[in-house]
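To start, the structure under review is shown below, and the notes come after it.
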Amino acid sequence: MERAAVERAVEREYRHVVFDNRRWQHFVPRVDDIFVCTPPKCGTTWMQTIVVELLFPDKVPGPVTELSPWIDARIEPVDTLMARLHAQPHRRTLKTHTPADGIPWYPSASYIVVGRDGRDAFMSYWNHWHNMHREHLPYLAASAAEDGITDRLPPVEDLHEFFWWWLDEFRLWFDHVASFWPHRGEPNVLFAHYNDMTVDLDGEMRRVARFLGVTIDEQQWSSQVQHCTFASMKARSDEIGAFDRGFVGGADTFLYKATNGRWRDVLTYDELDAFQQRCEERLPPDAYAWTVNGGYADA
């Protein structure tokens, strides 16, 4: 299997209690690798499921989250993860939450960037952390400290404290959008949006298939689209990932509501003003508009 040539090396470190982009140092790329690149809770698992369904239209050979592992996550020893990736005989797809300047770029690889309104991403991320099994948190904090990572665990008991941590300390949603936005329009980069996947899943899956050079079998297509609906993913969650290990309620928590706008009745005026100000400071106006409205940013 041909190894991909690197176009640009990692430029910046992103290290957190949960993830560490130094793990990319161990990665051996292939020319046709597919990277699903998202801020947390912006349709990551959804796009991973779409890509896996496109690559394996007849029978998916394992859980989506195992076929498409999260490289940056500090949850699994990096050597174990890389060995599993190396053993995959098929075209590979991988997940990352790291911004564009924190991952290597390969001209022959494919990068799918998924966006979502930051306020909706925040609400889903709060739900994610609030429902994480508490016994995992001390382990994460202790192992991070051993690795020299000084970021603190988020305040998971109070939504409003969590919001200010997300806005002022975590900042990953802003870093991700700001760093990937200049790459829109590049031939090996596809921008997708949570809103568009919600409104027209069939059309978005066809767009992803064209981007990846995957031929669609129309006789199987309706079944493939059905497999990628939120309801189907939740109903067959054991085929997606082992969510019970990390979250109270398992898939019911991890694959939560798939709805937008819940922030309207939760965030205060001060919090919404602070979010808006941060967007104006960090994002070009067209990038911010895309995160809110969706549409084909890379058209």
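The values are calculated or read from the model by the stated rules, or taken from the named source; none is laboratory data. Just so it is clear, the structure is predicted and the values come from calculations on it, not from any experiment. Here the Cβ positions follow ideal geometry from the backbone for every residue, glycine too, while neighbour counts run over all protein chains shown.
How many of the residues making up region 138-169 are free of Cβ contacts under 8 Å to residues at least 60 places away in the same chain and charged (D, E, K, R)?
The qualifying residues number 6.
For region 89-108, how many residues are over 20 Å from residue 22 (Cα atoms) and either assigned to a strand (DSSP E or B) or touching a Lys or Arg at 6+ places or on another chain (Cβ under 9 Å) (or both)?
Qualifying residue count for the region: 3.
Looking at (1) part of a helix (DSSP H, G or I); (2) out of contact with any helix residue (DSSP H, G or I) (no Cβ under 6 Å at 6 or more places or on another chain); (3) among the acidic types (Asp, Glu); (4) touching a residue at least 60 places away in the same chain (Cβ under 8 Å), which one does residue 79 not meet, given that it meets all the others?
Status for residue 79: all satisfied but (4).
Does any residue of region 257-265 turn out to be touching a Phe, Trp or Tyr at 6+ places or on another chain (Cβ under 6 Å) and either modelled with pLDDT of 85 or more or crowded, with 18+ Cβ neighbours inside 10 Å (or both)? Write out each step before concluding.
Of region 257-265, the ones touching a Phe, Trp or Tyr at 6+ places or on another chain (Cβ under 6 Å) are 258.
From what's left, either modelled with pLDDT of 85 or more or crowded, with 18+ Cβ neighbours inside 10 Å (or both): none.
Looking for residues that are touching a Phe, Trp or Tyr at 6+ places or on another chain (Cβ under 6 Å) and either modelled with pLDDT of 85 or more or crowded, with 18+ Cβ neighbours inside 10 Å (or both), one finds none in region 257-265, hence no.
Identify the residue in region 213-238 that is under 18 Å from the mean Cα position of the chain (by Cα) and not aromatic (Phe, Trp, Tyr) and, among all such residues, is nearest to residue 113 (Cα to Cα).
228
Mind listing just one residue for me: the one in region 86-124 that is polar (S, T, N, Q) and surrounded by fewer than 19 Cβ atoms within 10 Å (Cβ to Cβ) and, of those, nearest to residue 271 (Cα to Cα)?
108
Which one of 95, 59 is within 22 Å of residue 128 (Cα to Cα) and among the basic types (Lys, Arg)?
The match here is 95.
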